[in-house]
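What follows is one structure encoded as structure tokens, with my remarks underneath.
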Amino acid sequence: MTSIDTRVLAEVLQHAPDGVAIADNQEGVACFAYVNATLAALLRLPEQWFAGRRIDEVEAEAPSDPTLTSTGMGVRVMLRAGDGSYVDCERWTQLLQDGKVALYYRPVPRRSPGALAAALDRSSGLATPEHFREVLRREWSVAQRDGRAVTIMRFDVDACAAYREVFGRVATDNVLRQVGRTIASAMRRASDVVAHFGEDQFVVLAAAMDEPAALRYAETILARIRALAIHHPRSPTGRYLTASVGIVASGAPRGGTSESILDAASDAVQRAKGEGGNRAIAGSLG
């Protein structure tokens, strides 16, 4: 069999659709040594947060197996996300060398009435629109009660349909995963939620962030997307793939709904694209 470059294997692992972690048993206590971007996005935590932390800080409900020796078949575990919510998963384990264990997490779709579908979008590793809307509804309700602001950033990849025509769906999906994880990596607070909305859109809930701060974050993210240097031969903004973003930071009026701020952010990003793309524009509810 032909040997494969370890960098290629690392790239595959990082972009795997399932959450993947490597645990190390230290004096009989299992701790994280590595997590991939999918698992970090699923739990809405930065990847570096996990290093050295005990597995039981994340696995809120799991079988009694502190050394993770029950390998092979999947078991149900409940993972604690950074925003305080929980994600129901199946976990598979595999023994590695030197006492290390590979952990594979796959969210279990919830099918009870009124419950969310899977919290994880399989194509991007980010929150699903259903999960995002549920979190936004809760945040909107709290904002109405406490008089707090709600901030939405809505990203749209510029000329994504043209990119798909040139390179095909598989290549485009890979690019969208990179863009989504670039956005998620910039939003490091546990309360931030990043979701994949539609084929080429991403949306961020950044609670308690004012408009000037949101604009600064958005400009930084747009710069990071440009820095990916993804060649786009039909881009209207230059040689590389870019994105536009619409931002709305507003209080939650009693007569309004959480969908209204999503719509306002959608209007703002369309204005940004209409003005040439590769830019951030602030909108408003009214």
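Over all pairs of different C-alpha atoms, the range 13-52 has a mean inverse distance whose reciprocal, the Kirkwood radius, equals 10.3 Å. Here the simple spin-label model places points 7 Å from the Cα toward Cβ, and for residue 189 and residue 142 these points are separated by 1.0 nm.
The residue 60 and residue 271 beta-carbon pair, evaluated with R₀ = 51 Å, returns a calculated FRET efficiency of approximately 0.75. Taking 0.36 nm per residue of separation and subtracting the current Cα-Cα distance, fully stretching the chain between residue 224 and residue 94 would add 43.3 nm. FRET efficiency for the residue 33 to residue 259 pair, using the beta carbon distance and R₀ = 25 Å, is estimated at 0.05. Computed from the Cβ-Cβ distance with R0 of 35 Å, the FRET efficiency linking residue 7 to residue 106 stands at 0.85. Here the extension length gained between residue 208 and residue 174 equals 9.1 nm, from 0.36 nm per residue of separation less the Cα-Cα distance. All distinct Cα pairs of the range 129-282 go into the 1/r average, and the inverse of that average, the Kirkwood radius, is 15.6 Å.
Readers should treat all values here as calculations from the given coordinates under stated rules, not as data from a laboratory. Quick caveat: nothing in here was measured; it's all calculated off a predicted structure. Cβ sites come from the backbone with ideal geometry, for glycine too, and all protein chains shown count toward neighbours.
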